[in-house]
Structures are given as structure tokens and as C-alpha cells.
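Engineer: Attaching a single structure in C-alpha cells format; questions to follow.
The values are calculated or read from the model by the stated rules, or taken from the named source; none is laboratory data. Note that the structure is a prediction, hence the values are computed from the model and not measured. Note that each Cβ is placed from the backbone with ideal geometry, even for glycine, and that neighbours are counted across all protein chains shown.
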Amino acid sequence: MNFDFSDEQKQLRDEARKFLTEKSPPKAVRAVLEGKAPYDRDLWKGLAEMGFLGVAIPEQFGGAGAGHLELCVIAEEMGRALAPVPFASTIYLAAEAIMLAGSDAQKAKWLPKIASGDAIGTLALFEGPGSPSHKTVKVGASNGALTGRKFPVADGAIADFAVVAARTANSGRETDIGLFIVDLSGDGVQRKSLANLDQSHNQAEIVFDKCKAEPLGPANEGWSILTRVLDRAAVLMAFEQLGGADRALEMGRDYALDRVAFGRPIGSFQAVKHILADMYVSATLARSNCYYGAWALSTNAGELPEAAATARVSATQAFQHCAKNNIQVHGGMGFTWEYDCHLYYRRANALALSLGCPSYWENRLIDCMRFKNAS
């Protein structure tokens, strides 16, 4: 595979970086982290005005209709800037689920609102810690209503609607899982914010008590649709992690060049050089695998599950490695609240668990490779 982004897509990346550098500085991230706001509303509005929220949404539903490659480059810049907005939950998860499985009426209702920034969405899948599995879904669907509890739900306390995975029968089969759209402002919905390592991204518990729900997609294909949504989201999340890893590497490099000890920059010391070199190798490997994922996503290739898992695993490892070692390069200053190193460390560890624990994606990659070799 010989893949690279086009000049136009690279130009879009430059525009996104310029915009986010100005509109999402560290002080804006800290404001949300410290609880001064649930998310950066001005940034969310600006992303909508720039067309970034609707870049992959078809034009007939209010988006730009550009595609997933454009969304990948925007996701990378969102990661660099640690943007404190519900971008992943709304764009990677809720919007993708509706575009994959929604009826024309559902797309016409929700996608224009997402593109304009008037609606925040999320995916309510997990019911406690662990990996995505149809066996763990206990929320029940009966007569157009849902009952049960979901947690953690990304941005669940601020979302306007949720795509909810629920069990439609008493058996444990995959075909008994359905997807439903729930208006979170309706009756029978209670929400509570949860403590989180990275409070600049909300996590919540949502309790459904016979709340009204609208089916999304065929009743017997819920888990199949969810798997496809997670694969798409894994690629997009990997680019966000890649952006964070690159920025953490840059922070460490810049500090090593500026910080002087024993009469010379600490970057000239072999121990520091090795740390930075390992960070660079990790980020570069992740970029290669993310590009593989972007190619598979944009072409809807049969290799998408394998490519998505590969990108997700390598980007998770790279972001955690670079964020941790950025603190080490900064030395004692890196552990202080005043420096921004901990912002990237928090985000790296939070994103590592956002689509299921790392072992889920490692096992998924192993399964894909086993199936590939067997065939």
C-alpha cells in the first residue's frame, strides 16, 4: 500500500491547526478541566462555523460531504490541541451510527443538527468496566421503551441524544441486540457526571426508566452495526491519539533544546537523546498504522477491522509512551500543575479506555490475523 493525504487534505490540516492553536490554547483546556465549564462552547460553535463538525456528513444532510480522510486530518489536530469538546462522542460515534444505520428521516432530523453544532450526541454502550461485548448488554428494550443503566457514557451529561445498545430478547445472542435513539431531555432519563482522570472530557452514568426510544437500523443487526461503528471510530480516535503523541514529542524536544544543565542543553546528553528517539519511533510507527487505517476506512476495504485494530493499538501505545516520557524529559518541572505535561498524560490514559480497554483491540487484531491466516 502506498498512501498519503492529498495536498488539499494537508492544507485542511494546516487550517485546522491554525484555528485550534488560536481557539484551544492550554488555558481553555484547563478551564474545562477545573470545572469552570462542562465543555468549551465557543470552540464548539467555531468548529461548526468552520465546517469541521460536518466534514464527513453528506451535503444533503447539511454537511460538507468531503469524506473520512478529511475527518482524519481534523481528528489529528483535535488531538494536538486537546480540544475540550464532545467531538469524538458526537462525530466518531453518534454521527457514524446514524449514517450507517439511520433511515432518511432520522438522518434528516439529526445530521444537520450535528453539522451545525446544535446537537451533541453520544453512544451508550458500556454497562460498567470492561470490553465491548454483546454479552454485557443488560439494558432492556420493550414496547418502544428502555430500562436499565449505562456507564461510563462519553459526554453523557452534556449530550442531547444518545444511540443506545439494548437487549431486545432474553437470550444472550448477538442478534438480540438492537440500537435505539433516545432524546436525553425526555422523561425517564436521569444523568450523573462521573469522576474521570481527564475532567476536560465528561463521563456520565445514564439511567433509563421506561424512556421512549426510537429503533435505529434493523432489530436483529444491532451488534453488527456497533462493530462497524467501533471500527470506524477506532481509526478516527487513533488519529486523535497520534496528534497528541506528536505534540507531546514536540514539547519534550523543545524543552530538551532550551533547558541548560552543566553548561549545555540537556538534549545533548545521551540518556535524554535515547528517550526522545524512542518517542519518535513510537509516534512514527503509529503514523504508519494510522495511514493504513485511513486508507481502509476511506475505501471501505475488507481489511478495515484489521487496519482499525492495528491503528488503535499502535496509537494508544504511542500516545501513552510519549505523554509519559514528555514528563520525564521535563524532569521535576514536568510533574507540576503549572506545566502542561499532565494535560497530555491525562488525555492519553483517558483515550486509551474510551472505546474499550487496550486488550480488546489487541485481541481483535489477533483474531483478524488468525482469520486471515486461516483463509
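Engineer: Checking the structure you have, find out if any residue of region 139-157 is over 30 Å from Val32 (Cα atoms), modelled with pLDDT of 95 or more, within 24 Å of the chain's Cα centre (by Cα) and in a loop (DSSP other than H, G, I, E, B).
Structural biologist: Yes, region 139-157 has at least one match.
Engineer: Now, a different point. What are the pairs, 6+ residues apart or on separate chains, where a residue within region 175-197 that is of a type in the set (Gly, Ala, Ser) has its Cβ under 7 Å from a residue that is in a loop (DSSP other than H, G, I, E, B)?
Structural biologist: Gly178/Thr168; Ser185/Asp160; Ser193/Ala157; Ser193/Asn202
Engineer: Also, I was wondering about something else. Name the single residue that is surrounded by the most Cβ atoms within 10 Å (Cβ to Cβ) among those in region 325-375 being outside any helix (DSSP H, G or I) and not small (Gly, Ala, Ser).
Structural biologist: Leu355
Engineer: Continuing with the same structure: In the list Ala16, Ala105, which residue meets the criterion of being modelled with pLDDT of 95 or more, touching an Asp or Glu at 6+ places or on another chain (Cβ under 6 Å) and in a helix (DSSP H, G or I)?
Structural biologist: Ala16
Engineer: Let me ask something else. Can you say whether Gly263 is more than 22 Å from the chain's Cα centre (by Cα) and either within 22 Å of Thr21 (Cα to Cα) or not acidic (Asp, Glu) (or both), as far as the supplied structure shows?
Structural biologist: Considered against the rule, which asks whether it is more than 22 Å from the chain's Cα centre (by Cα) and either within 22 Å of Thr21 (Cα to Cα) or not acidic (Asp, Glu) (or both), Gly263 comes out as yes.
Engineer: Are any residues in region 219-250 in contact (Cβ under 8 Å) with a residue 60 or more places away in the chain and more than 21 Å from the chain's Cα centre (by Cα), and if so, which ones?
Structural biologist: Glu221, the sole residue that qualifies.
Engineer: Additional query: Checking the conditions here, which among Ala75, Ala56, Ala48 is part of a helix (DSSP H, G or I), in contact with a Leu (Cβ under 8 Å, 6 or more places away or on another chain) and not assigned by TED's automatic domain parsing to the domain that holds Ala315?
Structural biologist: Values: Ala56 fails: part of a helix (DSSP H, G or I); Ala48 fails: in contact with a Leu (Cβ under 8 Å, 6 or more places away or on another chain).
Result of the check over Ala75, Ala56, Ala48: Ala75.
Engineer: Let me ask another. Failed condition for Lys212, given (1) under 27 Å from Ala323 (Cβ atoms); (2) more than 21 Å from the chain's Cα centre (by Cα), with all others met?
Structural biologist: It fails just one condition, (1).
Engineer: Follow-up. Could you tell me whether Val235 is more than 30 Å from Gln190 (Cβ to Cβ), outside the structural domain of Arg173 (by TED's automatic domain parsing), of a type outside the set (Lys, Arg) and touching a helix residue (DSSP H, G or I) at 6+ places or on another chain (Cβ under 9 Å)?
Structural biologist: Numbers: more than 30 Å from Gln190 (Cβ to Cβ): yes; outside the structural domain of Arg173 (by TED's automatic domain parsing): yes; of a type outside the set (Lys, Arg): yes; touching a helix residue (DSSP H, G or I) at 6+ places or on another chain (Cβ under 9 Å): yes.
So Val235 passes the test.
Engineer: Now, a different point. Taking region 285-330 only, how many residues are among the small types (Gly, Ala, Ser) and free of Cβ contacts under 8 Å to residues at least 40 places away in the same chain?
Structural biologist: Of the residues in that region, 3 qualify.
Engineer: For region 2-47, how many residues are of a type in the set (Asp, Glu) and under 18 Å from Ile91 (Cα atoms)? Walk me through it before giving the result.
Structural biologist: Just the residues of region 2-47 that are of a type in the set (Asp, Glu), to begin with: 4, 7-8, 14-15, 22, 34, 40, 42.
Next, only the ones that are under 18 Å from Ile91 (Cα atoms) stay: 40, 42.
Qualifying residue count, region 2-47: 2.
Engineer: Another question, if that's okay. Would you be able to say whether some residue in region 316-324 is closer than 17 Å to Glu240 by Cβ, surrounded by 21 or more Cβ atoms within 10 Å (Cβ to Cβ) and in contact with a Pro (Cβ under 7 Å, 6 or more places away or on another chain)?
Structural biologist: yes
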